[in-house]
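To start, the structure under review is shown below, and the notes come after it.
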Amino acid sequence: MTRRRVADSGRGWWGGAVAALLVGVMLTAGGAALAQDKPAEAPAAAPAAAAPAVAAASPADPLKTLEAKATDLKVAVDTVWVLATAFLVFFMNLGFASVESGFCRAKNTVTILAKNFVVFAVSSIAFLAVGFGIMFGDGTPLFGAQGLWFLGGADGSPATGEAYKGVYSALNWTGVPLWAKFFFQLVFAGTAATIVSGAVAERVKFGAFYLFSFAMVGLIYPVVGHWIWGGGWLAKLGFWDFAGSTVVHSVGGWAALIGAVMLGPRLGKYGKDGRVNPIPGHSIALGTLGVFVLWFGWFGFNPGSTMAADPGAIARIAVTTNTAAAGGAVAASVVAWLLLGKPDLTMILNGALAGLVAITAPCAFVSVPSSLVIGFAAGALVVLSVLFFERVHVDDPVGAVSVHLVCGAFGTLALGLFAQDQFSPGTTGNGLLFGGGTQLLRAQLTGVVAVGLFVAVAAGLFWSILSAVMGIRVPAEEELEGLDLGEHGISAYPEFHAAPAWGTGVAAPAVAPGPARVGTPAVERGR
Amino acid sequence: MKKIEAVIKPFKLDDVKEALTGAGIAGMTVSEVRGFGRQKGHTEMYRGGEYTVDFLPKLKVEVVVPDELGEKVLALIAAAAKTGAIGDGKVFVTPLQEAIRIRTGERGESAL
């Protein structure tokens, strides 16, 4: 059913465009009498324009025809917008893969790339099979129930509002075909899952991560999504999250935090006296490239979440998004400079991401100056957060917890402070700083806490099951040699002999069962 | 024959090469190495933590020359690689027993 609709609307677009143009020209030039001839002329001018709307419209009522054509055209433009922005969000997978592999050691590059690659495939299947149904199917305030499997429920897209008849009514506000809705939501689900990868990097078993991703996208993410975007209890409570600071980033961040805690730090990360040993990533160039890709992808993430080509909204959201990223990068560079003595590039990169994550929830509801403030705050916050988690011995190689959890929660709360009713009347109302009182902020806080509790418990449960069944951490010897050989039997850079300049300190702890091989055994064995 | 191994600062390679080719030395081998002497390492920063880079990147130039050229080449390298700052590197000279040119089978100094 949906497939046919896609074909129809594709044909309708061309027909609609041509017919609308014709009608417009005729109305302007010759008035109603001339326009009434249009149905006879249109097929001659555009033989392909056999769209049903044209045939159905009464020749006596050109305005109705015009209206039908305008609606068709809007559906087409909105669908193109939604899909194009979804493709940008898909591209963010490359960004994550680059950032994470760049910020880790060369000996673990293959396994990080493999995780980031399969996670989108896993997400695609899990979200298609059941995730979308749980998230957007009509059901209880906690869980979608109808049309659960493979989007099998009745659907009336692209009709909107009251006109929509189907079981995915939480998405009835956007006038695009169901598959466009699905695809757009899918790339978001994939993002939430891929966030976990960075925090558990360099020690998690590939198979354990693989299975966890299914649970993440098939269950954990869609349940939270149902609460907030699927008409669930948080939505009814007046909690707002425009593009997913909480739904996507905090959910990913919490699962990442629990994973990192349960795995424990990488070998050599902390000295016996508790000293923090930095473990430099192998390619800051790759990391920088990845952050540029993510920043670019965010222009799909936030402006695309309008799910309609609404000119005023998408232009402003593009600017709030960009401004927050800029503020985050500047604030992080200044704070790192003051605090650490050097403008650490990895902190600046995380700062831009922090700004982007923080503005994701409020991007449609706040002014551009507010977005700058939010970006500044997030950029400063992420530096402090990275240092904090290092101190408390949560080893997060890429800073995923600080960027996605901490700044996701911050951005969600910032919405309660900075929201202004004028931007999206009848939604958030005004935040605390704009005279709206604490009501919105309290709803936001409730959401942050509830989502945190749920994801922490659910992720803890799944990681525990995996830990009991198959183990989630690779053996110490494999970790020292690098997971590329142990997990995948291939090295990322077989023609380079990669001895770290900072020596062998990382291999020093005598936790390895049997003789720990120090140095570059990976390369020796690889040959 | 003498084998001369010079561990030098990477940016001095061109100066050393020109000094040697100017003196008629026909070939040399260069490898990227890491190490430390009195210079020790230096500290770098990563995500808020300092770490020590003990083994600094250097280049090792190896040249084999007839005995009578040994002193001259040693002096040329020492002059060309010198900046006067700590970390300029070292030159080691060892007697060399044998050499062979693989293509022709020539041996000894005629293989150089």
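The values are calculated or read from the model by the stated rules, or taken from the named source; none is laboratory data. All figures in this text were calculated on a predicted structure; none of them were measured in a lab. Don't worry about glycine lacking a Cβ; one is built from the backbone with ideal geometry, like all the others, and counts go over all protein chains shown.
What to note about this one:
- With respect to (1) within 11 Å of another protein chain (Cβ to nearest Cβ); (2) under 24 Å from A:PHE96 (Cβ atoms); (3) without any contact (Cβ under 8 Å) to a residue 60 or more places away in the chain, the lone exception for A:ARG275 is condition (2).
- Filtered residue count, the range A:106-142, keeping only those that are crowded, with 24+ Cβ neighbours inside 10 Å and either of a type in the set (Gly, Ala, Ser) or part of a loop (DSSP other than H, G, I, E, B) (or both): 5
- Taken over the range B:34-49, residues that are within 7 Å of chain A (Cβ to nearest Cβ) and not in a loop (DSSP other than H, G, I, E, B) amount to 4.
- Whichever residue in the range A:308-364 is within 14 Å of another protein chain (Cβ to nearest Cβ) and not in a helix (DSSP H, G or I) and, among such residues, is farthest from the chain's Cα centre (by Cα): A:GLY341
- Applying the condition of being in contact (Cβ under 8 Å) with a residue 60 or more places away in the chain and under 19 Å from A:ALA400 (Cα atoms) to the range A:360-378 and asking which residue is surrounded by the most Cβ atoms within 10 Å (Cβ to Cβ) yields A:ALA361.
- When A:VAL394 is tested against the conditions (1) part of a loop (DSSP other than H, G, I, E, B); (2) more than 25 Å from the chain's Cα centre (by Cα), the lone failure is (2).
- Residue identified as surrounded by 21 or more Cβ atoms within 10 Å (Cβ to Cβ) and over 25 Å from A:ALA352 (Cα atoms) among A:LEU294, A:LEU263: A:LEU263
- Selection of the range B:50-59 for residues being aliphatic (A, V, I, L, M) and either in contact with a helix residue (DSSP H, G or I) (Cβ under 7 Å, 6 or more places away or on another chain) or more than 7 Å from chain A (Cβ to nearest Cβ) (or both) yields B:LEU56, B:LEU59.
- Residue match in the range B:97-106 (condition: within 14 Å of another protein chain (Cβ to nearest Cβ) and touching a residue at least 24 places away in the same chain (Cβ under 8 Å)): no
- Only one of the numbered conditions (1) away from chain B (no Cβ under 14 Å); (2) among the hydroxyl-bearing types (Ser, Thr, Tyr); (3) in contact with a helix residue (DSSP H, G or I) (Cβ under 6 Å, 6 or more places away or on another chain) is not met by A:SER367, and that is (3).
- Among the residues of the range A:401-427, those that are among the hydroxyl-bearing types (Ser, Thr, Tyr) and at pLDDT 95 or above comprise A:SER402, A:THR412.
- The residue list A:SER491, A:SER467 contains one member that is at pLDDT 95 or above and on the phi < 0 side of the Ramachandran plot, which is A:SER467.
- Residue within the range A:143-150 that is touching a Gly at 6+ places or on another chain (Cβ under 6 Å), touching a residue at least 12 places away in the same chain (Cβ under 8 Å), closer than 25 Å to A:MET262 by Cβ and crowded, with 24+ Cβ neighbours inside 10 Å present: no
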